[in-house]
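Below is one structure; the comments refer to it alone.
The values are calculated or read from the model by the stated rules, or taken from the named source; none is laboratory data. It should be emphasised that the depicted structure is a prediction, and the values quoted were computed from it without experimental measurement. When we count neighbours, we look across all protein chains shown, and the Cβ atoms used for this are built from the backbone with ideal geometry, even at glycine. SASA here: full protein model, heavy atoms, side chains in, ligands and nucleic acids out. Shrake-Rupley method; radii C 1.70, N 1.55, O 1.52, S 1.80 Å.
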Amino acid sequence: MTNPARTSGRRDVLVYLFQRGAADGLNTVVPFADPHYASLRPRIAVSPPGSEDGAIDLDGFFGLHPAASAALPLFQAGRLAWLPASGIPHQSRSHFEAQDRSERGITDSDQASSGWLARHLQATATAQDSPLRAVSISGSVPTSLTGADDPLAIQELSSFGLGAAGGSTYQDTLALLYAPSRPFAEVAGSALTAIDLLAEADPAQFAPNPGARYPDSELGGKLLQAAQLIKADLGVEVLCLDVGGWDHHENLPNFLPAALTDLCEGLAAFDTDLGAAMEGVTVIVQTEFGRRAAENGARGTDHGTAGLLWVLGGSVMGGRIVGAWPGLAPDQLAAGEDLAITVDTRDVLAEFLVRRRGHRDALADVFPGHAPGPEPGLFRMTGG
């Protein structure tokens with residue numbers, strides 16, 4: 001029996017990539033035409049287009065950091081959109097607390113104990129779901145999947161399910177748990193099935209398509225494995241990845257370029273690798289909060305409010321900057337020091353779930369109590 005929360009047809013695979021550390025959006029998608037940008041960041045501002053090492057003009061107001069140039073063709077092709085004043089208004093400046101609330105999709109810690117993706121997966125589960133439905137390509141299950149049924153955390157596809165040399169294998173341990181009288185039989189059985197499916201499909205056999213050059217980095221490896229899992233067609237619906245190194249309190253101009261190049265080259269390779277299959281894949285890149293509008297004394301930026309959201313995919317109506325720009329004048333800043341949020345990230349996530357995942361009741365199921373703003377208009381409706 002079909003879950004009434006779902007619609008028919010194939011649903012997008014979501015790649016949910018979390019930038020841990022609070023990425024500086026103002027020096028990524030640069031509001032060079034805002035008259036207050038350069039004065040707030042006299043030593044670290046990205047120069048306007050036309051200057052040496054200047055931003056790449058996107059629309060006459062915003063420019064792209066030159067280190068992110070690998071993402072420009074995706075934007076120009078209409079497959080990538082940026083939301084420079086987005087976030088969840090959780091009012092926290094603590095990394096740990098803000099990541100927790102962002103991944104739960106809440107503003108207050110007592111609103112929900114599960115992750116937003118877990119709530120979506122629970123509400124749309126069917127008896128036919130794959131044991132590889134939700135996969136974290138890391139060593140642990142992220143908060144966004146907390147409460148989901150049997151999510152898998154896979155560090156490396158090639159070694160998943162293998163035990164230490166000379167010892168019993170992971171499968172042997174699970175087989176003992178799988179005995180019907182054992183309390184974790186169902187979980188163990190699901191993991192064993194996933195191991196068998198991966199072994200049979202051998203996702204590593206799927207070499208990158210010509211032209212796809214993943215960076216030789218931790219993130220590049222994760223994105224390559226995400227593409228391999230999607231190509232293997234094993235019923236994967238959600239892939240969670242994360243990338244650290246975005247907490248730039250000092251020397252932002254020295255450290256941000258390398259992080260941006262790694263991210264953008266990875267996303268470009270992923271898009272090229274999947275090719276036409278990107279019509280059924282959406283990538284959402286989120287961070288826990290943005291940075292303060294003004295630079296600090298160490299040529300860095302401190303914890304702020306609104307951040308930069310990235311949305312990439314064949315279904316994305318991109319090639320544009322989405323959301324109202326709040327401005328950087330003193331009377332426009334949140335609490336007098338931060339870029340203000342004009343697009344609630346939950347509105348973007350809910351629109352994705354409705355339009356591309358067929359979850360008609362996403363707001364009620366996934367973000368209960370949230371009063372949505374205007375629909376962002378980022379996604380085409382799935383043709384299911």
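Annotations
- Over the chain, relative contact order from alpha-carbon pairs under 8 Å, at least 6 apart, %: 30 percent
- If R0 is taken as 45 Å, the Cβ-Cβ distance between Ala33 and Asp196 corresponds to a FRET efficiency of 0.20.
- Listed residues Leu64, Leu80, Leu333, most fluctuating in the chain (Gaussian network, C-alpha, under 10 Å): Leu333
- Calculated log₁₀ intensity ratio I(q)/I(0) where the Debye formula runs over C-alpha points of the range 305-384, q = 0.22, 0.23, 0.26 Å⁻¹: -1.05, -1.11, -1.25
- For the range 290-330: rounded, prolate or oblate by the Cα gyration tensor [a/c cutoff 1.5]: prolate
- Whole-angstrom gap from the range 241-301 to the range 306-384, using each part's C-alpha centre: 18 Å
- The chain shape via C-alpha gyration tensor axes, a/c threshold 1.5: prolate
- Within the accessible area of the chain, the carbon and sulfur atoms contribute 52%, probe 1.4 Å, all protein chains present.
- Span-like helix criteria (full DSSP H runs; alpha carbon extent of at least 20 Å along the helix axis; mean Kyte-Doolittle hydropathy of at least 1.0) are satisfied in the chain by 185-201.
- The alpha-carbon atoms of the range 254-347 define a convex hull whose volume equals 117 cubic angstrom per residue.
- Per-pair calculated FRET efficiency, R0 = 35 Å: Arg320 and Asp216 via Cβ, rounded to 0.05: 0.65
- In this simple spin-label approximation, Gln91 and Gln128 carry label points 7 Å from Cα along the Cα→Cβ vector, and these lie 4.6 nm apart.
- Cα→Cβ-extended label distance, 7 Å offset, between Ala258 and Asp233, nm: 4.1 nm
- Here the range 36-137 is treated as a Stokes sphere of Kirkwood radius computed over C-alpha pairs; at 37 °C and 0.692 mPa s its diffusion coefficient rounds to 186 µm²/s.
- Probe 1.4 Å, protein heavy atoms only - accessible area per residue of the chain in square angstrom: 41 Å²
- Within the range 243-271: backbone nitrogen closer than 19 Å to the Ser51 label point (7 Å, Cα to C-beta): 251-258
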